[in-house]
Amino acid sequence: MKYLVSWTYRYAGSAADIEKNLPRGLEVFSRWTPAASTKYLQFLGRLDEQGGFAVIETDNPNDLTDAPSKFGPWAEYQIFPVADIAEAMQGLQQGVEFRGSIS
């Protein structure tokens, strides 16, 4: 199954506080590797430096707790199960057909 993971950085405190905390977050990230059972199809950083996105494929949704558990002090995460658009449209079509069958 595919998941879209979105994160927003937790910029808190003064500019000096943020400047002091960024190196620690970057050091932790430099030593991190994704869970072996996950496949990162896309790993993207926002150009405004406010967060990023990843499209991850895994059979075990518990694997998705890896990054939030390790980077929670620096980022807030949202995780959405997703499907390719053709598959998602099939579900919408089935809903339309079902509602149309009810008079």
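The values are calculated or read from the model by the stated rules, or taken from the named source; none is laboratory data. Given the structure is predicted, the values throughout are model-derived calculations rather than measurements. With ideal geometry, Cβ positions are generated from the backbone for all residues, glycine too; neighbour counts draw on all protein chains shown.
Restricting attention to region 30-51 and to residues that are in contact (Cβ under 8 Å) with a residue 24 or more places away in the chain, touching a Phe, Trp or Tyr at 6+ places or on another chain (Cβ under 9 Å) and exposed (fewer than 13 other Cβ atoms within 10 Å of the Cβ), the residue that is farthest from L64 (Cα to Cα) turns out to be E49.
Can you confirm whether region 68-89 contains a residue that is charged (D, E, K, R), closer than 28 Å to G25 by Cα, surrounded by 13 or more Cβ atoms within 10 Å (Cβ to Cβ) and without any contact (Cβ under 8 Å) to a residue 12 or more places away in the chain? Within region 68-89 (the criterion being charged (D, E, K, R), closer than 28 Å to G25 by Cα, surrounded by 13 or more Cβ atoms within 10 Å (Cβ to Cβ) and without any contact (Cβ under 8 Å) to a residue 12 or more places away in the chain), the answer is no, since none of the residues qualifies. If you go through region 30-59 and keep only what is under 16 Å from R10 (Cβ atoms), at pLDDT 95 or above, of a type outside the set (G, A, S) and within 16 Å of the chain's Cα centre (by Cα), you end up with R46, Q50.
Only residues that are more than 20 Å from the chain's Cα centre (by Cα) and either in contact (Cβ under 8 Å) with a residue 12 or more places away in the chain or exposed (fewer than 13 other Cβ atoms within 10 Å of the Cβ) (or both) were counted in region 8-26, giving 11. As a summary of the residue check, N62 satisfies the conditions (1) over 26 Å from W7 (Cα atoms); (2) within 24 Å of the chain's Cα centre (by Cα); (3) exposed (fewer than 10 other Cβ atoms within 10 Å of the Cβ) except for the one numbered (1). Only one of the numbered conditions (1) surrounded by 11 or more Cβ atoms within 10 Å (Cβ to Cβ); (2) assigned to a loop (DSSP other than H, G, I, E, B); (3) not charged (D, E, K, R) is not met by V5, and that is (2). Within region 43-92, being under 23 Å from N21 (Cα atoms) and part of a helix (DSSP H, G or I) holds for T65, D66, A67, P68, S69, K70, F71.
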